[in-house]
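The values are calculated or read from the model by the stated rules, or taken from the named source; none is laboratory data. All of these numbers come straight from a predicted model, not from anything done at the bench. Glycine also receives a Cβ, built like all others from the backbone with ideal geometry; neighbour counts cover every protein chain displayed. Areas reflect the complete protein model, heavy atoms only, side chains present, ligands, DNA and RNA absent. Shrake-Rupley method; radii C 1.70, N 1.55, O 1.52, S 1.80 Å.
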Amino acid sequence: MALREKKNLIDKVADTIRKYNLIETGDNLVLGVSGGPDSISMLDILLKIKQNKQIKFDFVVGHVNHMIREEALQDELYVKSYCEKNKIQFYVKRIDVLKIANTNKISTEEAGRNVRYEFFEEIQKQVNANKIAIAHNKNDKIETIIMNELRGCGIAGLKGIEPKRDKYIRPLIECERKEIEEYCMENQLQPRIDKTNFENVYTRNKIRNIVIPYIEKEFNPNIIKTMDRLSELVTEQEEYIQKQVKDIYQKMLIKENEKQMIILDLKIFNQQEKVIKSNIILYTITRLCNSAKGIEKIHVEDIIKLCNNNIGNKFLMPNKHIKVFIKNNKVTFSKED
């Protein structure tokens, strides 16, 4: 039997794009490019896919200089030089992320992420783009899954990073880090290396540099592929559950008032299995507030208990934005300003 020829990374990324409909004809993208191996590979590969006219689309590049590392300016100039050489529109923002982190009492990781996404969305509006491409790869996905489980996330946490979420797309999500590094060498890209990635201070770095290599050495050398298959199975099951949740939600929906209030039939709600009830609660809160961030397991269980007891004039506030109360055999989710 002949061995299957290994696909080059450009074809692999093109397959991922088609598989998940990440980029379609006429799309205009903002590419988030730090200058590291992942993002510069994404830029180089998407440029070649565009030049080969495999898909007709346009893109611009956004780069954030966090002003933390001494090499930050060289990173910026490296990305700028690539864009100038290839006649790509380049946008840059220099911002003191450390100062923002200290002011807002958050980690530099979170502050940097917030700044990057805000800037990419600013560019998106400015150039009228419809999608933002981020260079997460398969290893990032597995690291995220492990982090989620360490934090006690449920089954949904096993999905990891999705190929597409709203306007954000991840063309490299099926590529392993070692493939990306090989691509950089083969194409002489000479990416910028962030030395802080090797400092085992942050949780992700510890998982990347200590936990995964230990598992590969002592238990399973293919742990990245193994966990990726697990993620695919979980994603399939989660999609099925969410389809059921949407159908049942429509059956119990009494009133939905312009992102201010949602009223559900209490009797139909109480007839459901606990897993459906939990997902209905999260789905309802997400519809009302665009996110269920901060709603934890204990909040969901308290709401289920409130509904089971069916006592009027009782209410819960899982956070300062949501009020849940029971009245006349109805459960009402109210958005509090």
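Quick notes on this one:
A quick yes/no check of all residues on (1) farther than 27 Å from Leu189 by Cα; (2) at pLDDT 95 or above; (3) aliphatic (A, V, I, L, M):
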residue	(1), (2), (3)
Val64	no, yes, yes
Glu70	no, no, no
Tyr82	no, yes, no
Thr103	yes, no, no
Thr108	yes, no, no
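- Single residue of the stretch 169-195 satisfying the filter (among the β-branched types (Val, Ile, Thr) and modelled with pLDDT of 95 or more) that is surrounded by the most Cβ atoms within 10 Å (Cβ to Cβ): Ile180
- Scanning the stretch 32-67 for residues that are within 18 Å of Gln124 (Cα to Cα) and either among the small types (Gly, Ala, Ser) or free of Cβ contacts under 8 Å to residues at least 24 places away in the same chain (or both) yields Gly32, Ser34, Ser39, Gly62.
- For first residues located in the stretch 15-29 and within 16 Å of Leu47 (Cβ to Cβ), partners that are open to solvent by 50 Å² or more (accessible area, probe 1.4 Å) and not in a loop (DSSP other than H, G, I, E, B) and lie 6+ apart or on another chain with Cβ distances below 7 Å form the pairs Leu22/Lys164; Asn28/Asp58.
- Filtering Asn310, Asn328 for residues that are more than 29 Å from the chain's Cα centre (by Cα), open to solvent by 90 Å² or more (accessible area, probe 1.4 Å) and more than 23 Å from Gln244 (Cβ to Cβ) leaves a single hit, Asn328.
- The set of residues from the stretch 98-153 being loosely packed, with under 15 Cβ neighbours inside 10 Å and in contact with a Ser or Thr (Cβ under 8 Å, 6 or more places away or on another chain) comprises Leu98, Leu150.
- Which numbered condition Asn148 misses (of (1) outside any strand (DSSP E or B); (2) modelled with pLDDT of 95 or more): (2)
- Restricted to the stretch 244-270, and to residues there that are within 16 Å of Asn329 (Cα to Cα) and of a type in the set (D, E, K, R), the residue that is least open to solvent (accessible area, probe 1.4 Å) is Asp265.
- Among the residues of the stretch 102-110, at least one is over 24 Å from Lys50 (Cα atoms), outside any helix (DSSP H, G or I) and hydrophobic (A, V, I, L, M, F, W, C).
- Residue among Glu273, Glu236, Glu199, Glu218 that alone is modelled with pLDDT under 95, over 25 Å from Ala135 (Cβ atoms) and open to solvent by 80 Å² or more (accessible area, probe 1.4 Å): Glu236
- Looking across the stretch 154-168, just one residue is open to solvent by less than 40 Å² (accessible area, probe 1.4 Å) and under 16 Å from Phe120 (Cα atoms), and that is Tyr168.
- Those residues of the stretch 1-29 which are modelled with pLDDT of 95 or more, part of a loop (DSSP other than H, G, I, E, B) and either aliphatic (A, V, I, L, M) or on the phi > 0 side of the Ramachandran plot (or both), in sequence order: Asn21, Leu22, Ile23, Gly26
To keep it simple, each residue is scored yes or no on (1) within 26 Å of Asn197 (Cβ to Cβ); (2) acidic (Asp, Glu).
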position	(1), (2)
Lys50	no, no
Met67	yes, no
Ala72	yes, no
Lys87	no, no
Asp96	yes, yes
Asn114	yes, no
Ala129	no, no
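Every residue, every condition in (1) assigned to a helix (DSSP H, G or I); (2) of a type in the set (A, V, I, L, M), yes or no:
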position: Val234; (1), (2): yes, yes
position: Ile254; (1), (2): no, yes
position: Lys267; (1), (2): yes, no
position: Ile285; (1), (2): yes, yes
position: Leu306; (1), (2): yes, yes
position: Phe325; (1), (2): no, no
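- Odd one out for Phe57, checked against (1) surrounded by fewer than 16 Cβ atoms within 10 Å (Cβ to Cβ); (2) in contact with a helix residue (DSSP H, G or I) (Cβ under 8 Å, 6 or more places away or on another chain): (1)
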